[in-house]
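*Asks:* Let me give you the structure first, and then I'll get to my questions.
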Amino acid sequence: MSIYAVTMDRQSTGMLSTEYGRQLIWIGVSLFAGFIIFLLDFRIFEAVGYFAYGFGIFLLILVLFIGIEVNGAKSWFSLGFFQMQPSEFVKTFTILALAKYLSSVNFSFKNLSNLAIAFGIILLPVAIIIYQNDTGSATVFLSLILVLYREGLNPILLAVGILMAAAVLLALGLQNDLVVVGIIAGLTILTFYISNLRRPSLRTIFIQILLSGLTLLVFMIFVNLLFQLSPEIQLIILGSLFLASILAYILLTGFSEPVKRITGYLTIGLFFVVVALSANYVVSNLPTHMNNRIMVLFNPEIDPQGSGYNVIQSKIAIGSGGITGKGFKQGNYTKYKFVPKQETDFIFCTVGEEFGWLGSSLTLIIYFLLLLRIRFMAENAKTRFARAYGYGVLSILFFHLAVNVGMTIGLVPVIGIPLPFFSYGGSSLLGFTVMLAIMLNLFSYRKTVLGSKM
Amino acid sequence: MYDSLKIRGGVILFGMGLILFVFVLRLFALQVLSDEYKERANRYVIKRKIITPPRGKVYHKGGEVYVSNSPMFEMRFTPRQVYIPPKDTAVLVEQLGLSAEEIKDIISTANKKRDWREQILAHYIDLETYSILQEQLWNCEGISFNTINKRDYRMKTGANILGYISEVNDRELKRTGNVYRPGDLIGRAGIERHYDSLLRGKTGVMMIKKDVYNREVGSYANGDKDSPEEKGLDILLGVDTKLQQYGEELMEGKRGSIVAIEPHSGEIRAFVSAPSYDPSQLTGAELQTNWRVLNRDTTLPLFNRPLMAEYPPGSIFKLPMALAALNEGIITPQTIYSCGGGFRRNKGKPGCRMHPHPLTLTNAIKYSCNSYFAATYMDYLQDRKFDGIYDSFESWRLYMDKMGVGHPLGIDMPFEQTGLLPTTGRYDNEKHYYGKNRWGATNIISNSIGQGEILMTPLQMANMVAMIANRGTYYPPHFVRAVKNVEAGNDGNWKRIKYDKIKTGIDRQHFEVVVDAMEKVVSEGTARRAYLRDLSVCGKTGTVQNSGPDHAVFVGFAPKDRPLIAIAVIVENTGGGGGTWAAPVAALMIEKYLRSTIEEKKYEEARIKAATF
């Protein structure tokens, strides 16, 4: 229940800074829906998992035919007086289905076809939503890989995924933004740390961090130098280095552990440099509008008329907030509506401008407390279904939070997804409320499950 | 196993916390450490300002301005920002003639779309009203003014050539991507449409700084990020506006077309579509209302007849028939056929008028003998050197195709119709025609006199006679002679557009035979009303049967040996008489063009102007 209090508090803050009575109605609808869900028997959610998923996929396909287009994406149903975006609910349905599949008796991560189906459950809605031209909403589903990781997915797969993403960002933004490099460094070290964690002792952790950091540093310098050479020479150097490092890794079997490890890292690192380089080429060959959205991340000033406009305006709005902000409803920058989409995707600007660094940090901390609470509930769940569901909610919520806030402060490309419980928009609010209500329901029945010898 | 997995939950949360921590640091950097953003927000905000360049001007053959722009303004609003206090609404009501409800309506519908792009509140505001509004509306938010191009027509002639411009619609916006912005003008017909990409120029975007009271305080980044507007390019037409206007006067009260082409360049000198309208009717605020009226008019003033009306060519088709048969060796200038009031070899069909016979090709053209050409066509299609009717028909068809029949000529104007040149496939169609191997020369004999399945536009007729005037070659007919040279700036030289000569491959000597006969048609045959002293006009008349009263047709060129003008005239529903109604119109046009005054044909001028059909 405390979570509910927290979320309601957030909702009302978001509400007061915009002035839409419509949102009030949605809050009422959401509360009512949440209440109904609360009354249901907890076993229902596991039982309807696949059915809900199928229904969701059906809606996604249906919207392709009878949906209406908003901002270039054909992903909305128009029901006369209001509009609805099915992908908001499909998130919940997908988590239900995934959780149910992962908790089925015969499921094993070692079984390739099981693994393929688990990934399939995540990727099917992604494919359809990308086809709707709503890439932003589609990427959200990818965060569910964290659920798989928690339930036993080989960490190497996760590490490779994260590192590839990191390498791509590194390649595109190295010359421009040290903060990005910092994040990637942190992420990489973290990934190496978790991927080698079997019997963690302080010493091993320390050595891991040191080694991976060192390798990363070498690569950053290397990549930086490499980008100043011509493409042919880049390829020759890369190719020979790659071969050399593989050879070295095989030949060095007899040598001490740290030496071998460093060479191993070098090999992996080189692989990511290849990924980074190809990403650079791919992006420079993308259609201009896509290319812009990505490149603007690294330097919004290159295109202040077009793609960079949102980011510059949003940074100015947030930056003008100072430590304590201009005060509630005093933000002249947002008041004059200079930031596009400031009620929806760029709502965080209002927080930044009106409540300053303290206010926006506090907001992030409250979100983090919510995440902590969800994780606590998930870990204490007595069924695998409930736990997997909890982690699904955790991943989706966090992804929304990170991408949305990240883009307003220029750390993440502009992807149009809402800030949970903040942004204007009924579908999103209702979707997240239902998602959390199911979570609370599963949690409140924990004692009953214990009693019934499960 | 379970425990090691449990740690993963912690790892995930640790990662999330780390990222959020980075966010907090970033926010600290933005909000506390850096003064840059604070200053920028306090001093100014950046706004985009759209600058519409003047649309390219159109010049006529005389080198003078034909179409230019009169600057007007439109009022735009940004749905997200717009706020109009009641006092200012009153100003708008007074100045723009909109009612308060209308204004409220426009704004509230736009607001629902929650759009960031500017939309139009009012069009075509003149300079005076604009300055009043500028002065009084300083309380409004999210309002801007933009210059627009209202076309200024210096002459009331050639509406069908010029076409018109109007506001781009949603479908076009979507189709063209980023080329247009809502409220931009797009060419809808004629030259304006075909050359829209040259005429419209490039919309400029200026980044300006505004303070918190929405006042402009300067340009952003010293204007480095601005994309300057580019003026539309001027174009020079080959149209002789005096001739065009004279043609329109002659055709008043009638329906039909006049197309005059200069044969050695392919430039169109006159392109009359009757009835027509005043081009300035389709500009500015009255465009919509006037367009609706014109569109409902049963005489179809918006229908560009020279380009879009398709007629059976009638007797003028005997000219390409003769050329094809001569070149293929089916007939020689000495070949003689009999007539006797009809084509005997096909039960007297098609019929013919009484005239001396048997006769040679020259006389057959002079008297427009149907039997002669029916016989020629039959002999062509049944000639032994071909492998059956399919082969001979294809051979004949190829000649017609090369002479510009049955395909678009690629004129620089949208909506050109193709006309019709039948294929064997058409006759093979069992449902509407005969079926495979079930037709022969007699079935399609009417083609020989231009009455069968063949359809031609007035443009194709004029082009055909220009081709004859050139003795076997033609340039694609076109309006635009030159475009202002871009490199030299808009005050630079005219840059001529190159057009490639098209050859028909028909031997020059055959043209001399046909041209001699055409001269006789005018001097002593069916088109004596087109005769002009010392100008040796060559021509051919035609009468086109159709569901209503017959149309009168004349094609011709002059002078014979150094052709300066080729012309096609079609006057609808005269009840026949290419020589009576079409030939004198052509003669008047030729006299006007070559002598610039009408003396010899004064009597015809009065007679034609008085006639209505």
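The values are calculated or read from the model by the stated rules, or taken from the named source; none is laboratory data. Bear in mind the structure is a predicted one, so any value in this text is a computation, not a measurement. Because the Cβ atoms are built from the backbone with ideal geometry, glycine has one as well, and the counts that use them run over all protein chains shown. Ligands, DNA and RNA are stripped out before the accessible areas are found, and what is left, the full protein with its side chains, is counted by its heavy atoms. Shrake-Rupley method; radii C 1.70, N 1.55, O 1.52, S 1.80 Å.
*Asks:* In peptide A:143-152, what is the residue-averaged number of other protein chain Cβ atoms found within 10 Å of each Cβ?
*Replies:* Values: counts 0, 0, 0, 6, 1, 0, 5, 7, 2, 5.
Average per residue, whole number: 3.
*Asks:* How many angstrom lie between the Cα centre of segment B:346-395 and the Cα centre of segment B:122-182?
*Replies:* 59
*Asks:* Leaving ligands and nucleic acids out of the surface, order B:ILE106, B:ILE235 by accessible area at 1.4 Å, largest first.
*Replies:* Working: B:ILE106 55, B:ILE235 0 Å².
Output order, biggest surface exposure first: B:ILE106, B:ILE235.
*Asks:* Continuing with the same structure: Packing-wise, with mean Cβ within 10 Å as the measure, how do B:596-606, A:364-374 rank, highest first? Show your work: numbers first, answer last.
*Replies:* Numbers: B:596-606: 14.2, A:364-374: 18.0.
Going from most to least packed, we get A:364-374, B:596-606.
*Asks:* Next question. Tell me, what is the 1.4 Å probe accessible area of B:MET206, in Å² to the nearest 10?
*Replies:* 60
*Asks:* Over all residues in A:355-365, what is the mean tally of Cβ atoms on other chains that come within 10 Å of each residue's Cβ? Kindly include the intermediate steps, with their values, before the conclusion.
*Replies:* Numbers: counts 0, 3, 8, 3, 2, 6, 8, 1, 1, 6, 2.
Rounded to a whole number, the mean comes out at 4.
*Asks:* So what is the 222 nm mean residue ellipticity for chain B from helices alone, if each DSSP H run of at least 4 adds -39500 (n - 2.57) and you divide by all residues, rounding to the nearest 500 deg cm²/dmol? All intermediate terms of the calculation are to be shown ahead of the outcome.
*Replies:* Values: 21 runs with 215 residues, N = 613.
Calculated mean residue ellipticity at 222 nm is -10500 deg cm²/dmol.
*Asks:* I would also like to ask the following. Measure off, as a whole percent, the carbon and sulfur share of the 1.4 Å-probe accessible area of chain B, all protein chains present.
*Replies:* Numbers: 13020 of 26550 Å².
Exposed carbon and sulfur together represent 49 percent of the surface.
*Asks:* About its Cα centre, what dipole magnitude does chain B give when the only charges are +1 on Lys and Arg Cβ and -1 on Asp and Glu Cβ, stated in debye to the nearest 20? Walk me through the intermediate numbers first.
*Replies:* Values: 81 positive and 70 negative charges, 191 e Å.
Here the size comes out at about 920 debye.
*Asks:* Enter the accessible area of B:TYR390 (Å², nearest 10), with the probe set to 1.4 Å and all protein chains included.
*Replies:* Probe radius 1.4 Å; accessible area of B:TYR390 about 60 Å².
*Asks:* Hey, another quick one. Among rounded, prolate and oblate, which fits segment B:267-308 when a ≥ b ≥ c are the square roots of the eigenvalues of its C-alpha gyration tensor, a/c under 1.5 means rounded, and a/b larger than b/c means prolate? The partial results should precede the final answer.
*Replies:* Numbers: a/c = 3.04, a/b = 1.56, b/c = 1.95.
Note, shape of segment B:267-308 comes out oblate.
*Asks:* Kindly sort B:VAL24, B:VAL544 by accessible area of their heavy atoms, largest first, with the probe set to 1.4 Å.
*Replies:* Details: B:VAL24 25, B:VAL544 0 Å².
Putting B:VAL24, B:VAL544 in descending order of accessible area: B:VAL24, B:VAL544.
*Asks:* Can you pull out the buried accessible area for chains A and B, both sides counted, probe 1.4 Å, rounded to the nearest 100 Å²?
*Replies:* On the way: alone 22570 and 29350 Å², together 46610 Å².
Looking at A and B, the buried total is near 5300 Å².
*Asks:* Let me spell out the model: positive unit charges on the Cβ of Lys and Arg, negative unit charges on the Cβ of Asp and Glu, origin at the Cα centre of segment B:347-453. What dipole size does that give, in debye rounded to 20?
*Replies:* Working: 12 positive and 11 negative charges, 101 e Å.
It comes to approximately 480 debye.
*Asks:* Then there is this: Find the centroid of the Cα atoms in segment B:510-540 and in segment B:414-433, then give the distance between the two in whole Å.
*Replies:* 33
*Asks:* Continuing with the same structure: Students sometimes get this wrong: rank B:CYS339, B:CYS352 by accessible area, probe 1.4 Å, all chains present, largest first. Mind dumping the intermediate values first?
*Replies:* Details: B:CYS339 0, B:CYS352 30 Å².
Largest accessible area first, the residues go B:CYS352, B:CYS339.
*Asks:* Place a +1 charge on the Cβ of each Lys and Arg in segment B:490-601 and a -1 charge on the Cβ of each Asp and Glu, then give the dipole magnitude about the Cα centre in debye, rounded to the nearest 20. Intermediate results must be reported in sequence, preceding the final value.
*Replies:* Details: 16 positive and 14 negative charges, 72 e Å.
So the dipole magnitude of segment B:490-601 works out to roughly 340 debye.
*Asks:* With a cut-off of 8 Å between alpha carbons and a minimum separation of six or more residues, what is the relative contact order of chain B in percent? Write down the numbers at each step before the final one.
*Replies:* Numbers: 1266 pairs, mean separation 81.2, N = 613.
The normalised contact order for chain B reaches 13 percent.
*Asks:* Also, I was wondering about something else. Just the accessible area for B:ARG471, please: 1.4 Å probe, Å², rounded to the nearest 10?
*Replies:* 20
*Asks:* Ok, one more. Which entries of B:LYS156/B:LYS609; B:LYS436/B:LYS501; B:LYS174/B:LYS501 have Cα-Cα distances beyond 29 Å here?
*Replies:* Values: B:LYS156/B:LYS609 19 Å; B:LYS436/B:LYS501 38 Å; B:LYS174/B:LYS501 38 Å.
Beyond 29 Å between Cα atoms: B:LYS436/B:LYS501; B:LYS174/B:LYS501.
*Asks:* Taking a ≥ b ≥ c as the square roots of the eigenvalues of the Cα gyration tensor of segment B:340-459, is the shape rounded (a/c under 1.5), prolate (a/b larger than b/c) or oblate? Working shown, then result.
*Replies:* Working: a/c = 1.91, a/b = 1.26, b/c = 1.51.
Oblate, because a/c is 1.5 or more while a/b does not exceed b/c.
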